[in-house]
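The values are calculated or read from the model by the stated rules, or taken from the named source; none is laboratory data. Not measured: the values here are computed from a predicted model. Using ideal geometry, Cβ is built from the backbone for each residue, glycine included, and neighbour counts are taken over all protein chains shown.
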Amino acid sequence: MSESLAMRFLYGTALGRFLLKPFVKGSWFSNIGAKYLSSRLSKRMISRYVRKYNINLQEFDQQTFPSFNDFFKRTKTLKIAPNPQNVISPCDAYLSIYRISDKLQLPIKHSQYTIADLLEDKSLAQKFAGGFCLVFRLEPKHYHHYVYTVGGEIVTNKRIDGVLHSVRPIACEAYPVWFQNSREYTVIKNVIFGDVVQMEIGALLVGKICNQTNTYAVLGQEKGYFEFGGSTIMVLFQNHFISLTQELQNTINSGEEIPIEIGKVLGTV
């Protein structure tokens, strides 16, 4: 996809990067975007968005919204009958899967990242050596609420206040975008699947991750939602704790993305 002249200027020139700094450092720029998207002025964006991404509003609990952000975080009644012996997809998304090793560089958003970089915790990352990393990429058309992929005791909730950059390819060439984005993750201790990490990652403008504060995760229960700008969920499993479905096993380390629906079984013990 060709990038706009403005994006090339901001990320591709020294002057552009200098001018960009005050926008991506701190939260004031994101706050301005958040206020607009939560105002009635943004309501005009909804109909165009619905047409562009072919969204069927009849699937949701309401069809009219006072602002674009209210529309973006719209809700629907989920029909999930989870089995505690299964792991389920936390969201609607495109899914890619990788086997975790010391040399794994995740090819995400046109850049390369390690598990330790994303967690900012080398000892925690080491627990998942040999396991699986599942990357769920949400597009604008997708439902932006997400559920717990497994149940169990929540032993850690961590927020990493990153710098919010655009996720456009031209930005990824200049900065390690994911590494600098804000993200939150939960470590869940499950009696069957061991320790599981479920991470949410934000993006430019609002980039807001709205998670519930729980001490226990219930399989299939809502964990939170993205406001406009949030776009990715990552789930980590330890080695020998999960058997992925045959369909998913065929895509490991291929870089292939497959469409997945919230609540779909990903694997079992």
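Restricting the search to segment 212-231, which residues are within 10 Å of His145 (Cα to Cα), part of a strand (DSSP E or B) and not hydroxyl-bearing (Ser, Thr, Tyr)? Of everything in segment 212-231, those that are within 10 Å of His145 (Cα to Cα), part of a strand (DSSP E or B) and not hydroxyl-bearing (Ser, Thr, Tyr) turn out to be Glu222, Lys223, Gly224, Phe226.
Considering every residue within segment 45-55, establish whether at least one is at pLDDT below 85, out of contact with any Cys (no Cβ under 9 Å at 6 or more places or on another chain) and not assigned by TED's automatic domain parsing to the domain that holds Gln221. Explain how you work it out, then say what you get.
Here is the first cut: in segment 45-55, the ones at pLDDT below 85 are none.
No: zero hits.
Among the residues of segment 227-269, those that are of a type in the set (Phe, Trp, Tyr) and at pLDDT 90 or above comprise Phe237, Phe241. Summed over segment 245-261, residues that are touching a residue at least 12 places away in the same chain (Cβ under 8 Å), more than 14 Å from Cys133 (Cβ to Cβ) and not in a loop (DSSP other than H, G, I, E, B) total 3.
Taking helices (runs of 4 or more DSSP H) as the structural unit, those lying wholly within segment 103-199 and holding at least 3 residues that are over 16 Å from the mean Cα position of the chain (by Cα) and either at pLDDT 90 or above or within 30 Å of Ala81 (Cα to Cα) (or both) correspond to 122-126. Restricting attention to segment 253-269 and to residues that are surrounded by 15 or more Cβ atoms within 10 Å (Cβ to Cβ) and of a type in the set (A, V, I, L, M), the residue that is nearest to Tyr225 (Cα to Cα) turns out to be Ile262.
For Thr64, state whether it is of a type in the set (Val, Ile, Thr), assigned to a loop (DSSP other than H, G, I, E, B) and more than 24 Å from Ile233 (Cβ to Cβ).
Working: of a type in the set (Val, Ile, Thr): yes; assigned to a loop (DSSP other than H, G, I, E, B): yes; more than 24 Å from Ile233 (Cβ to Cβ): yes.
Yes: the conditions hold for Thr64.
Residue check: Lys223 meets all listed conditions (1) at pLDDT below 90; (2) in contact with a Phe, Trp or Tyr (Cβ under 7 Å, 6 or more places away or on another chain); (3) not hydroxyl-bearing (Ser, Thr, Tyr) but one, namely (1).
Of all the criteria given as (1) among the polar types (S, T, N, Q); (2) without any contact (Cβ under 8 Å) to a residue 12 or more places away in the chain; (3) buried (at least 22 other Cβ atoms within 10 Å of the Cβ), the one not satisfied by Thr114 is (3).
In segment 119-148, the residues that are in the same structural domain as Asn211 (by TED's automatic domain parsing) and of a type in the set (Gly, Ala, Ser) reach residues that are outside any loop (DSSP other than H, G, I, E, B) and buried (at least 18 other Cβ atoms within 10 Å of the Cβ) with C-beta atoms within less than 7 angstrom, at least six apart or across chains, in these pairs: Ala125/Ile115; Ala125/Leu119; Gly131/Leu236; Gly131/Phe237.
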